[in-house]
Amino acid sequence: VASLLGYASAGWTGALGLTFESNKPVEAKSLFCPSGFITGIRVKYGRTRDEDRDLYDFKLKCGQRWTSWSGLWFKNELEDKTYECPAKMYVTGIEVKRGRREWGDKDTYDFKLQCSGVWQDFMGMKFGGQQEQAGTECPSGEGTSGLKVFRGFVDWGDKDLYEFELNCKSIAANLASIRGLPDLKMLGLQRNVLVWDGEQLGAWLEALGLGDLAPSFLHHNVNGGTVFLLTEEHLRDLGFSVVGDRLYFIELLTQLCGIAETPRHGPRRAGDEMSEPASPRDGGAHGTGTTTSSRGRARSACSSRRTRCRRFGRSASRCSRRRGASRTCARCSRLWGSRSTLSCSSSTGSRATCCST
């Protein structure tokens with residue numbers, strides 16, 4: 001048992017420090033979020049009558065999705081509790097209290113989470129005869145991405161004992177890892193973004209970790225043909241209440257813009273022939289003026305924003321020297337560079353136009 005619990009490898013916090021022993025093989029299970037951080041936990045409790053075993057099993061919520069159960073041996077479910085962090089928050093710590101009632105040899109546990117540095121209430125599992133309480137939290141600037149559970153059993157007294165540790169990872173490193181666009185091919189999405197419907201756009205948002213906003217996009221009829229027309233004001237209405245989230249999404253739109261633009265000359269990619277309905281101008285029997293107009297505006301907006309982005313990044317300083325009123329352009333360029341001038345265009349408004357003239 002000591003060899004299992006007496007260390008803290010890279011990323012792991014080490015055991016909480018609860019009483020733990022076992023005269024039978026220790027069960028150990030680990031749960032991980034494939035990306036992002038833990039945002040909730042679900043705990044179920046069961047008890048066997050013949051062996052007086054108190055059994056717990058766990059699953060994690062990663063972003064908007066739940067993992068499977070840990071796989072600890074379990075039967076006779078008596079209780080099932082869930083706790084989720086408030087919106088936009090993630091788990092940064094855990095605290096566990098252990099209870100014991102000698103009559104009936106009943107061992108109980110209750111749990112509470114720390115969400116983005118703020119301790120929440122205990123889950124409210126059935127509990128009695130508190131013996132001890134212990135907790136741990138990730139270092140500053142890190143979030144929880146995994147949970148390890150140990151279960152031991154002592155024959156004398158029929159004791160079921162549990163111990164826990166967290167896996168922490170850098171928030172900055174995690175954000176950097178998801179900055180890039182997800183692989184459209186793996187998501188089953190066409191490269192021609194302009195023909196995505198609302199469901200396909202929602203799948204892309206889910207892959208970015210923004211799945212909670214997908215229903216809002218659907219409600220407002222935003223799809224691949226209109227997503228490039230969005231402004232910061234629109235994003236606010238769609239649920240992006242935090243400035244950083246809006247800037248992050250605008251940056252992603254800038255990257256997606258390059259995929260959406262289909263070359264006017266040269267061979268088309270396989271599958272592109274059927275990706276967009278023919279326009280009435282081309283004699284297409286199924287084209288609609290509304291759809292073509294919408295996609296045309298989106299393509300035009302995308303193209304003009306990328307062009308402005310390139311010019312803005314190169315000529316902002318010269319523009320600033322020529323026109324004193326355009327200092328905002330230079331400041332925005334220093335902050336964002338040519339990497340995300342779509343953000344600059346949105347934040348500086350028409351003043352960014354001077355940098356492209």
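The values are calculated or read from the model by the stated rules, or taken from the named source; none is laboratory data. From a predicted model like this one, the values you see are computed outputs, not experimental measurements. As a convention, Cβ positions derive from the backbone with ideal geometry for all residues, glycine included, and neighbour counts pool all protein chains shown. All accessible areas refer to the heavy atoms of the entire protein, side chains included, with ligands and DNA or RNA removed. Shrake-Rupley method; radii C 1.70, N 1.55, O 1.52, S 1.80 Å.
A few notes on this one:
- Breaking point among (1) touching a Lys or Arg at 6+ places or on another chain (Cβ under 8 Å); (2) modelled with pLDDT of 95 or more, for LYS97: (1)
- Test: residue in segment 146-163 that is closer than 27 Å to GLY244 by Cα, at pLDDT below 95 and open to solvent by 10 Å² or more (accessible area, probe 1.4 Å): no
- Residues of segment 219-252 satisfying the condition of being among the aliphatic types (A, V, I, L, M), buried (at least 16 other Cβ atoms within 10 Å of the Cβ), within 24 Å of ASN192 (Cβ to Cβ) and in contact with a helix residue (DSSP H, G or I) (Cβ under 6 Å, 6 or more places away or on another chain): LEU235, LEU238, ILE250
- Of note, THR48 does not satisfy the criterion of being among the β-branched types (Val, Ile, Thr) and in contact with a Ser or Thr (Cβ under 8 Å, 6 or more places away or on another chain).
- All positions within segment 197-244 that are closer than 25 Å to SER35 by Cβ, modelled with pLDDT under 90 and of a type in the set (Ser, Thr, Tyr): SER241
- Listed conditions (1) touching a residue at least 24 places away in the same chain (Cβ under 8 Å); (2) over 31 Å from the mean Cα position of the chain (by Cα) are all met by TRP103, apart from (1).
- Among the conditions (1) of a type in the set (Phe, Trp, Tyr); (2) within 20 Å of LYS112 (Cα to Cα); (3) modelled with pLDDT under 90, PHE32 misses just one, which is (3).
- Residue in segment 70-90 that is at pLDDT below 95, part of a strand (DSSP E or B), under 19 Å from LYS24 (Cβ atoms) and open to solvent by 20 Å² or more (accessible area, probe 1.4 Å) present: no
- Failed item in (1) surrounded by 18 or more Cβ atoms within 10 Å (Cβ to Cβ); (2) at pLDDT 95 or above; (3) part of a loop (DSSP other than H, G, I, E, B), with PHE58 passing the rest: (3)
- Residue list for segment 204-218, filter: crowded, with 18+ Cβ neighbours inside 10 Å and of a type in the set (D, E, K, R): GLU206
- Selection from segment 17-73 of residues that are within 29 Å of GLU102 (Cβ to Cβ), hydrophobic (A, V, I, L, M, F, W, C) and within 24 Å of the chain's Cα centre (by Cα): ILE41, VAL43, PHE58
- When PHE122 is tested against (1) at pLDDT 95 or above; (2) open to solvent by less than 50 Å² (accessible area, probe 1.4 Å); (3) among the hydrophobic types (A, V, I, L, M, F, W, C), just one condition goes unmet, and that condition is (2).
- For segment 16-54, the set of residues classified as basic (Lys, Arg) and either open to solvent by less than 40 Å² (accessible area, probe 1.4 Å) or on the phi > 0 side of the Ramachandran plot (or both) consists of LYS44, ARG53, listed by residue number.
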